[in-house]
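This report refers to the structure that appears directly beneath it.
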Amino acid sequence: MLIPNFKDGFLLQWLNPKAWLACVSGITMFTSIENPQSLPIFIIIYFFTCYACLFFWGLCGDKFSVVLNQGNRLKYFNILMGAFLILSALLILIDFF
């Protein structure tokens, strides 16, 4: 079995549907046909914002992994996140009905 590397992860990001939806939504909201320079400005801002968020996400993941790998913290964290997931689903159902 092959171990994924940086190149594989980089290329896989082009298949990320959430990223495509966010990009298309941003382009339709913040650019216009009447203002052609708005698209390059949006692309530059979007690029730097995405990579800043990716850096912050990775940094937080690195720090949280140190904290969560001590004792039973990961177990309690998973229980808490599962409870939040169930609560959010219930709130959506309550709002739906």
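Taken together, the values in this text are just the output of simple stated rules run on the coordinates, not laboratory data. Nothing here was measured: the structure is a model prediction, and the numbers come from that model. Counting neighbours? That spans all protein chains shown, and the Cβs are built from the backbone with ideal geometry, glycine included.
Helix 73-96 and the longest principal axis of the Cα set of the chain meet at an angle near 60°. GNM remark for the chain: springs join alpha carbons under 10 Å apart, and the peak mean-square fluctuation among PHE84, PHE55, PHE64 falls on PHE84. Largest mean-square fluctuation among LEU87, LEU68, LEU54, in a Gaussian network model of the chain whose springs join Cα atoms under 10 Å apart, belongs to LEU87.
With respect to the chain, whose longest principal axis is taken over its alpha-carbon atoms, helix 17-30 is tilted by about 40°.
Computed from the C-beta positions of ASP95 and VAL24 and an R0 of 30 Å, the FRET efficiency is 0.70 to the nearest 0.05. Taken over the alpha carbons of segment 20-96 as equal point scatterers, the Debye sum produces base-10 log I(q)/I(0) values at 0.13, 0.24 Å⁻¹ of -0.72, -1.01. Peptides 6-18, 36-48, ordered by how many other C-beta atoms sit within 10 Å of their residues on average, highest first, read 36-48, 6-18.
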